[in-house]
């Protein structure tokens with residue numbers, strides 16, 4: 001169990017580093033669905049980011065009615 005936890009932690013740390021290198025944590029405007037989704041997927045992909053995986057999310061949130 002400890003080895004699995006350590007591997008998962010290292011995997012996620014590598015994903016956070018990849019997201020930071022892609023500037024997903026900079027506060028440039030509002031966070032929308034696709035920005036948050038891209039960040040989460042990049043972190044979850046972990047080391048796969050360095051093997052050429054570039055996860056992207058294409059989503060749209062509904063506009064509020066007037």
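Among residues of the stretch 41-66 that are assigned to a loop (DSSP other than H, G, I, E, B), those with a beta-carbon under 6 Å from a residue that is surrounded by fewer than 14 Cβ atoms within 10 Å (Cβ to Cβ) at least six positions away or on a different chain give the pairs 59/33; 61/33. Within the bounds of the stretch 2-14, is there any residue that is free of Cβ contacts under 8 Å to residues at least 40 places away in the same chain and part of a loop (DSSP other than H, G, I, E, B)? No; the residues of the stretch 2-14 include none that is free of Cβ contacts under 8 Å to residues at least 40 places away in the same chain and part of a loop (DSSP other than H, G, I, E, B).
If you go through the stretch 19-55 and keep only what is at pLDDT 85 or above, surrounded by fewer than 15 Cβ atoms within 10 Å (Cβ to Cβ) and closer than 19 Å to residue 7 by Cβ, you end up with 44, 47, 50, 51. Quick one: in the stretch 56-66, of everything that is in contact with a helix residue (DSSP H, G or I) (Cβ under 8 Å, 6 or more places away or on another chain) and exposed (fewer than 12 other Cβ atoms within 10 Å of the Cβ), which residue is nearest to residue 13 (Cα to Cα)? Ranking the qualifying residues of the stretch 56-66, first place goes to 56.
The values are calculated or read from the model by the stated rules, or taken from the named source; none is laboratory data. Since the structure is predicted, the reported quantities are computational estimates derived from the model, not experimental observations. Every residue, glycine among them, receives a Cβ derived from its backbone with ideal geometry; neighbour counts consider all protein chains shown.
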